[in-house]
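The block underneath contains the structure these notes are about, expressed in structure tokens.
Just so it is clear, none of the values below were taken in a lab; they were calculated from the coordinates. As the structure is a computational prediction, the values presented were derived from the model and not from experiment. Cβ atoms come from the backbone with ideal geometry, glycine included; neighbour counts cover every protein chain shown.
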Ligand SMILES: Nc1nc2c(ncn2[C@@H]2O[C@H](COP(=O)(O)OP(=O)(O)OP(=O)(O)O)[C@@H](O)[C@H]2O)c(=O)[nH]1
């Protein structure tokens, strides 16, 4: 059985930086890891790329040849990947042995983990190929600066959890940029009644019922907890 991590999260949340740090860490502790680029728009990498979607299709070519914009072009590329799961991806995966660990650096377009089924089908394919897969969802720590952003971050993570149905770890990225660490702490293991009180205070009275339902959702999916990660700590 192989092992795979799908690194997902909004654009700019720090996915590639996380992959690069993970690679360096594994190097330091003598473990082998293979990072795969699944972003057809990516150009620069701080890690050796073991497998690269751009060998199959690149966003630049699609935009030029089909006249699509960046978003439509990216979805086109990912759908092309989906059509080539049994060919390109299978051939690439054949290069890896049973115990190998693959980390997939995914694009940040929210459609891919909300309603477009490409990543879901990608995951199913990995499972058929005997990979044990988990999702690592990165969210910028700036989402934890007030309750409304926190709820929006939880909802985006939740949509990925529901769409992919994978063991799911939430990571709060860019912790070095947080000035008020205490302010963030209350969102790491949140008390539902305090969140609700804060939300009601922030919003007009007509939202009270909606606020209650949202907090219940966050509470029921108690997996919506975030692990803070400060990748820049060792540099300081
Ligand atoms: N200060 C700080 N900056 C970070 C950290 N992680 C990432 N960044 C910066 O945030 C920006 C985006 O980081 P990326 O790792 O490219 O994010 P991404 O999620 O891969 O971006 P997309 O592929 O565009 O979705 C870059 O300028 C990084 O240098 C961090 O832990 N601390």
- Note on the structure: For the residue 87, residue 134 Cβ pair and Förster radius 25 Å, calculated FRET efficiency rounded to 0.05 is 0.45
- Cα long-axis angle, helix 147-164 against the chain (0 to 90 degrees, to the nearest 10): 40
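Under the Kirkwood approximation for Rh and a Cα-based Rg, what ratio Rg/Rh is obtained for region 158-236?
That ratio equals 1.04.
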- Could you list the residues of region 72-90 with an amide nitrogen less than 16 Å from a label point located 7 Å from the Cα of residue 45 in the Cα-to-C-beta direction? 89
- Message: Quick check on region 1-87: what does the Kirkwood estimate of hydrodynamic radius come out to from the alpha carbon pairs, in Å?
- Response: 14.3
- Task: Please tell me the relative contact order of region 115-179 in percent, rounded to the nearest whole number, where contacts are Cα pairs under 8 Å and at least six residues apart.
- Result: 44
- Query: Rounded to the nearest 0.05, what FRET efficiency is calculated for residue 121 and residue 97 with R0 set to 25 Å and r the Cβ-Cβ distance?
  - Reply: 0.55
- Item | Distance between region 99-162 and region 1-45 - C-alpha centres, whole angstrom | 13
- Query: When the gyration tensor of the chain is built from Cα positions, what are the square roots of 5 times its three eigenvalues, in whole Å, from largest to smallest?
  - Reply: 33, 21, 17
- Packing-based exposure ordering (other Cβ within 10 Å, fewest first) of 134, 106, 26: 134, 26, 106
- Set the Förster distance to 35 Å, then compute FRET efficiency between residue 27 and residue 216 from the Cβ-Cβ distance, nearest 0.05. 0.20
- Once both axes come from the Cα atoms, what is the angle between helix 15-29 and the longest principal axis of the chain, in degrees from 0 to 90, rounded to 10? 70
- Task: Give the Cα extents of region 46-131 along the principal axes, in whole Å, largest first.
- Result: 41, 27, 26
- Item | Ranked packing of 116-122, 201-207, 16-22, most packed first, by mean Cβ within 10 Å | 16-22, 116-122, 201-207
- Grab the DSSP H runs of the chain that are 4 residues or longer, score each as -39,500 (n - 2.57), total them, divide by all residues and round the 222 nm result to the nearest 500 deg cm²/dmol. -13000 deg cm²/dmol
